[in-house]
Amino acid sequence: MNKLIVGNWKMNGGLAANEALLKAVLAGLTSADASVSVGVCAPAPYLPQLQTLLGGSAVAWGAQDVSAHESGAYTGEVSAPMLRDFGCRYALVGHSERRQYHGETDEVVAAKAQRALAAGITPIVCVGETLAQRDAGETEAVVKRQLAAVIHTVGHCSSEIVIAYEPVWAIGTGRTATPEQAQAVHHVLRAQVAAATAHADQRVHILYGGSMNAANAPSLLAQPDIDGGLIGGASLKPADFLQIIQAARR
Ligand code: PEP
């Protein structure tokens, strides 16, 4: 299975900066990178730009959120079919910044995952514990609860999701989980999703996210249950993003 490397630009970028970044990434990819699946998740207004610049390339694109509703009176929201209109392959759901600043509950995150799947978009379901939860020994219970809500809602489609384990204390902090810490949680998530997808023939990608960079990517990606990365800050720097992609080659 190819590893999957997905950039999360968060609320960064602009037409000129995006074009420069994407052109540098495309120019830096070599045939050896064909063994890696790559995507970038951009702010919604730039999705048509990504469709233009990345269409026909090896790099897929996606959104950073999706509405839990199908259509109607939900001012400011963007539905899954709208994302599909602009060629999105992925949508992040339940990123900790959405859970923290927008009050997204496990149930809302699960509904978003279901909407994405119904529109043919792969939801990248983000789970992760806060530092207080880790210190209290609750890591496993927290991530299992977050993932269980999605599995419960999407049922047999659970084999079509991507999971991203993102310890909240490691996001944007420069503090990364050690490969062993990350592997331990990935192992738990692997068992949980495997039980729900017993008859699926393809294993679900479980990405690590949280201050992954060119230096720490090789050791994280070498872990048996780490199938790729969700990359925030380093995805804005083409050289760094390319090095992470190289570290994910088979
Ligand atoms: C993220 O936003 O999903 C993320 C992992 O950010 P960073 O790599 O900057 O920690």
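The values are calculated or read from the model by the stated rules, or taken from the named source; none is laboratory data. Note that this is a predicted model, so its numbers are computed, not measured. Every residue, glycine among them, receives a Cβ derived from its backbone with ideal geometry; neighbour counts consider all protein chains shown. Just so you know, the surface numbers come from the protein's heavy atoms only, side chains and all, with ligands and any DNA or RNA stripped out. Shrake-Rupley method; radii C 1.70, N 1.55, O 1.52, S 1.80 Å.
Could you list, in sequence order, all residues of the range 182-196 that are open to solvent by 20 Å² or more (accessible area, probe 1.4 Å) and either touching a strand residue (DSSP E or B) at 6+ places or on another chain (Cβ under 7 Å) or within 15 Å of the ligand (Cβ to nearest atom) (or both)? Outline the logic, then answer.
Let us first name the residues in the range 182-196 that are open to solvent by 20 Å² or more (accessible area, probe 1.4 Å), namely 183-184, 187-188, 190-192, 194-196.
Of everything in the range 182-196, just one residue is open to solvent by 20 Å² or more (accessible area, probe 1.4 Å) and either touching a strand residue (DSSP E or B) at 6+ places or on another chain (Cβ under 7 Å) or within 15 Å of the ligand (Cβ to nearest atom) (or both), namely Arg190.
For the range 44-89, what are the residues that are open to solvent by 20 Å² or more (accessible area, probe 1.4 Å), within 18 Å of the chain's Cα centre (by Cα) and under 23 Å from Ile244 (Cα atoms)?
Ala58, Trp61, Gln64, Arg89
If you check Thr30 against the conditions, is it within 28 Å of Pro218 (Cα to Cα), of a type in the set (Val, Ile, Thr) and surrounded by fewer than 19 Cβ atoms within 10 Å (Cβ to Cβ)?
Criteria met by Thr30.
Restricting to the range 117-137, what's the tally of residues that are surrounded by 15 or more Cβ atoms within 10 Å (Cβ to Cβ) and either more than 22 Å from Ala60 (Cβ to Cβ) or in contact with a helix residue (DSSP H, G or I) (Cβ under 7 Å, 6 or more places away or on another chain) (or both)?
Summing the residues that are surrounded by 15 or more Cβ atoms within 10 Å (Cβ to Cβ) and either more than 22 Å from Ala60 (Cβ to Cβ) or in contact with a helix residue (DSSP H, G or I) (Cβ under 7 Å, 6 or more places away or on another chain) (or both) in the range 117-137 gives 13.
Looking only at the range 1-31, which residues are of a type in the set (A, V, I, L, M) and within 23 Å of Val204 (Cα to Cα)?
Result: Met1, Leu4, Ile5, Val6.
Identify the residue in the range 197-212 that is crowded, with 19+ Cβ neighbours inside 10 Å and not hydroxyl-bearing (Ser, Thr, Tyr) and, among all such residues, is farthest from the ligand (Cβ to nearest atom).
My answer is Val204.
Kindly list the number of the only condition in (1) in a loop (DSSP other than H, G, I, E, B); (2) within 22 Å of Gly210 (Cβ to Cβ); (3) within 18 Å of the chain's Cα centre (by Cα) that fails for Gly137.
(3)
Might you check whether a residue that is open to solvent by less than 60 Å² (accessible area, probe 1.4 Å), away from the ligand (no atom under 12 Å from the Cβ) and at pLDDT 95 or above occurs anywhere in the range 164-177?
no
Which pairs have Cβ atoms under 6 Å, sit 6 or more apart or on different chains, and link a residue in the range 18-42 that is under 27 Å from Val93 (Cβ atoms) and part of a strand (DSSP E or B) to one that is among the aromatic types (Phe, Trp, Tyr) and open to solvent by 10 Å² or more (accessible area, probe 1.4 Å)?
Pairs that qualify, where the first residue is under 27 Å from Val93 (Cβ atoms) and part of a strand (DSSP E or B) and the partner is among the aromatic types (Phe, Trp, Tyr) and open to solvent by 10 Å² or more (accessible area, probe 1.4 Å), are Gly39/Tyr90; Val40/Trp61.
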